[in-house]
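To keep things clear, I will list the structure first and then write my remarks on it.
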Amino acid sequence: MSTPVLVSKHFSASALNALKYPTPFILFDTERVEKNYQNLRSALKNAQIFYALKANPDMVVARRLLDLGASFEIASLNELHLLRRVGVNPQDVMYSNPVKPASHIKGAFELGLSRFAFDTSHELEKLAHFAPGSSVYLRMAVNDKDSTFPLSKKFGADPQDAVMLLKLARELGLKPYGLTFHVGSQSLNPNMWESAIAEAGTVMRKLQQEGITLEMLDIGGGFPADYGEERPALQEIGDRIHLALQEYLPYPVTLAAEPGRSMIADAAVIAATVIGRADRGGKHWLYLDVGAFNGLMEPLETANRFIYPMSTSLDEREGVPMTPYTLTGPTCDTQDTIYYDFDLPANIEVGDRLYFHSAGAYTTAYASSFNGFGPPDVRYVDKRKD
């Protein structure tokens, strides 16, 4: 069992056991969100921070980040509508989904959003028609092999095509605004940012020769959250980025970053209850009231390799024997299985609780109500927000 690092006193087993909320629930500590935001600002020095709402669209969290001075990045018009409810100005938002429905482009532009990502000529044609004169930034494909969740297969133009695409943007009446890339979610190698910035610098030099000077470089997200694994320190990543900017870029630009996971992951815990036990084929099974389809999708996405730090409601004294279990969710789908041969206390029983730590990112955002089992109820350390 991966032991959690207690970033909040509210996430200890004793504190969680004292909560009488019915499970499943997710508990947020927004003070931890604030600390993560401040740590990222410190590591990235003068970067403008755009929280990637896709990681978790919780409006209490969004409001806290807005109060701290954060900006926001969206992937859809519906996310922009959510942000407007808490007072976010669309002019302070970047729309970084490279391929967007035409109606979403039109709706966002009419609300005042004017910065859009793209990675194809087809997208530029849509933007020129539905968001004329807007500022556009090119998503480049970069090396993301050292990330837990690679993203380059679906998005990103070849850097060799960047000059052609940004020249086309200018011809279509759009403003060539910047470049962006993403080194993959939960990236574990600081060299990936450095090599991507070097690629961006090469593109910027070529664009200069065509009379195009960019204003912004968006280094995306990927900053690793704490899941109990070895990972580079955020300050190390920030230092590497700062040096790369000085070494590879031909001129200064506004630096933007789009953190999601690193901002929110360790700020929440999901509490689940064991609702059933079984012995099948020589294996011990535990059935939980939360599973892949209503909050814990990322283990399923990674063939059960992605592991949350976990604790239980039991008193785990030294020497308590551990037993491997298969952990599965409450639905009737066999795919709704989280882990195989996962060590937990041998004496765990129906009614005991399991706590999935660092569960703030891509959990409730992914959750459905498949088979009638809904997402975890959202709770906050500050009970006034419940």
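Please treat every number below as a calculation from the coordinates, not as lab data. Note that the structure is predicted; figures quoted are calculated from it, not measured. Glycine also receives a Cβ, built like all others from the backbone with ideal geometry; neighbour counts cover every protein chain displayed.
Just a few scattered comments:
- Fraction in percent of alpha-carbon pairs per bin - 10 Å, segment 1-109: 12, 36, 29, 18, 5, 0
- Here, segment 251-343 has an Rg and a Dmax of 17.3, 64 Å when only alpha carbons are counted.
- Length released on extending from D333 to K167, taking residue separation times 0.36 nm less the Cα-Cα span: 54.8 nm
- Estimated inter-spin distance, L243 and A102, nm [label 7 Å along Cα→Cβ]: 4.9
- Computed over the chain, the ratio Rg/Rh where both radii use C-alpha atoms and Rh is Kirkwood: 1.01
- Cβ-placed point charges (K, R +1; D, E -1), dipole of the chain about Cα centre in debye, nearest 20: 840
- Counting only Cβ charges, +1 for Lys and Arg and -1 for Asp and Glu, the dipole size of segment 57-259 around its Cα centre is about 660 debye.
- Rg and Dmax of segment 57-259, based on Cα coordinates, read 16.6, 49 Å.
- Inter-label distance, nm, simple model (7 Å from Cα along the C-beta direction), A278/D377: 2.8
- Relative contact order of the chain, pairs being alpha-carbon contacts under 8 Å that are 6 or more residues apart, as %: 21
- Extension gain (nm, one decimal) between N78 and N347, 0.36 nm per residue minus Cα-Cα: 92.2 nm
- The C-alpha radius of gyration of segment 232-302, expressed as a fraction of 2.2 N^0.38 Å, stands at 1.93.
- Inter-part distance where segment 46-72 and segment 289-328 are each reduced to a Cα centre, Å: 29
- Label sites at K35 and E110, each approximated as a point 7 angstrom past Cα along Cα to Cβ, lie 4.5 nm apart.
- Under-5 Å amide H pairs with H284, H placed in peptide plane, nonlocal only: T326
- Farthest toward positive dipole pole in the chain [+1 Lys/Arg, -1 Asp/Glu at C-beta], among V269, S185, P132: P132
- Its Cα gyration tensor gives segment 167-236 an equivalent ellipsoid. The semi-axes, each the square root of 5 times an eigenvalue, are 32, 12, 8 Å from largest down.
- Under the Karplus curve 6.51 cos²θ - 1.76 cosθ + 1.60, θ = phi - 60°, whole-Hz ³J(HN,Hα) for segment 331-348, x wherever Gly or Pro sits: 7, 8, 8, 4, 5, 7, 10, 8, 9, 10, 6, 9, 6, 9, x, 5, 9, 5
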